[in-house]
Amino acid sequence: RVVAVAPNPSVRAASDRLLGGVAGYRSADGCAESIPLEAASVHLITAAQAFHWFEVDRARAEFLRVLVPHGQVALIWNDRVLEDPLHVALDSVFAEFGGVKRAALVAHEDRSDVPRFFGLARPEEFSWPHEHFLDQEGLLSLVYSRSYIPERSTPEGRAVAHRVRRIFDRFFVNGIVNVRYRTVAVLGRPA
C-alpha cells in the first residue's frame, strides 16, 4: 500500500490522476509534521525534493510516530550537474529572472539539517547519474515549474520562453535535450 501525503490539493489531484487506478494507492491531506496515519503503520517514508520544507524537529518526531519499529526514511534529491553546459545556460536564465525569490529558495535548499534529522543514526547515502530527455515544451515546463520564474503569460515570462527556446536550439539533438542530474538518496532511521 502507498499513501501519497501532500499539503497541496493540486499536487494530490495530479497524483490521483496519474496513480488513482493503481491498487493499494491513495492520497491524503497532510505534511511532514502532521501525517494522517496511525502510529507504527508505515514501513518506508520517502520525500523527494521536499526536505527543505520540513520543520526538522517536528517532522522527525512525526516520522518516528508513524514508522514501524524498523521502518526507514528515504530522502531523495535530483541534483543538477551544474558544470553541464545546458545547466550553465539555464542558470543564466534563472539568475536573470529569479531574483530575490530564487536566492531565498537556493539558501533554503541547504541540506545541513539532514544530520540533525537523523540524530545519532548514520544513514546510508547512495548516488547515481540520472537524465531527463525533453523536447522543447518539456524543457519549457521544467523551467516554469520553478516557483521563482515569472508566469508564462507575463512579459517577463514570455522573455523567459524566448531565452529557453534559444537554449534548446543550441543543445538539442534529434529534437531532444539531455538534462543531466545526479540522484542522491539518504536512507536510514532517525535515532
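For the structure I just gave you, tell me whether residue 67 is more than 30 Å from residue 173 (Cβ to Cβ) and open to solvent by less than 60 Å² (accessible area, probe 1.4 Å). Can you show your working first?
Numbers: more than 30 Å from residue 173 (Cβ to Cβ): yes; open to solvent by less than 60 Å² (accessible area, probe 1.4 Å): yes.
In short, yes.
Please give the helices (runs of 4 or more DSSP H) falling wholly within region 82-191 in which 3 or more residues are in contact (Cβ under 8 Å) with a residue 60 or more places away in the chain and among the aliphatic types (A, V, I, L, M). Before you say what the answer is, go through the steps one by one.
Values: elements: 85-108, 114-118, 136-144, 155-171.
Filter on region 82-191 gives 85-108, 155-171.
Please go through region 4-39 and give me each residue that is open to solvent by 60 Å² or more (accessible area, probe 1.4 Å) and assigned to a loop (DSSP other than H, G, I, E, B), ordered by number.
7, 8, 21, 22, 23, 36, 38, 39
Search region 10-33 for residues that are modelled with pLDDT of 95 or more and among the basic types (Lys, Arg) and pair each with any residue that is in a loop (DSSP other than H, G, I, E, B) and open to solvent by 70 Å² or more (accessible area, probe 1.4 Å) when their beta-carbon atoms are under 9 Å apart and the residues are at least 6 apart or on different chains.
Here the result reads 26/1, each pair linking region 10-33 to a residue that is in a loop (DSSP other than H, G, I, E, B) and open to solvent by 70 Å² or more (accessible area, probe 1.4 Å).
Only one of these conditions is not met by residue 99: (1) at pLDDT below 95; (2) open to solvent by 40 Å² or more (accessible area, probe 1.4 Å); (3) out of contact with any strand residue (DSSP E or B) (no Cβ under 6 Å at 6 or more places or on another chain); (4) within 30 Å of residue 63 (Cα to Cα). Which number is it?
All conditions pass for residue 99, except number (4).
Consider region 134-191. How many of its residues are open to solvent by 80 Å² or more (accessible area, probe 1.4 Å) and over 16 Å from the mean Cα position of the chain (by Cα)?
15
Being more than 16 Å from the chain's Cα centre (by Cα), within 30 Å of residue 156 (Cβ to Cβ) and open to solvent by 60 Å² or more (accessible area, probe 1.4 Å) is true for just one of 55, 83. Which residue is that? Break it down into steps so the answer makes sense when it comes.
Details: 55 fails: within 30 Å of residue 156 (Cβ to Cβ).
Checking each option against the conditions leaves just 83.
For region 58-85, give me the residue count where each residue is more than 28 Å from residue 41 (Cβ to Cβ) and touching an Asp or Glu at 6+ places or on another chain (Cβ under 9 Å). Before the answer, list the steps.
Kept after step one, since they are more than 28 Å from residue 41 (Cβ to Cβ), are these residues of region 58-85: 78-85.
Then drop every residue that is not touching an Asp or Glu at 6+ places or on another chain (Cβ under 9 Å), which leaves 80, 82.
So the answer is 2.
Here are the criteria: (1) closer than 24 Å to residue 145 by Cβ; (2) out of contact with any Asp or Glu (no Cβ under 9 Å at 6 or more places or on another chain); (3) hydrophobic (A, V, I, L, M, F, W, C). Tell me which single one residue 4 does not satisfy.
(2)
The values are calculated or read from the model by the stated rules, or taken from the named source; none is laboratory data. Just so it is clear, the structure is predicted and the values come from calculations on it, not from any experiment. So basically every Cβ, Gly included, is an ideal-geometry build from the backbone, and we count neighbours across all protein chains shown. To get the accessible areas, we keep the full protein, side chains included, count just its heavy atoms, and leave off ligands, DNA and RNA. Shrake-Rupley method; radii C 1.70, N 1.55, O 1.52, S 1.80 Å.
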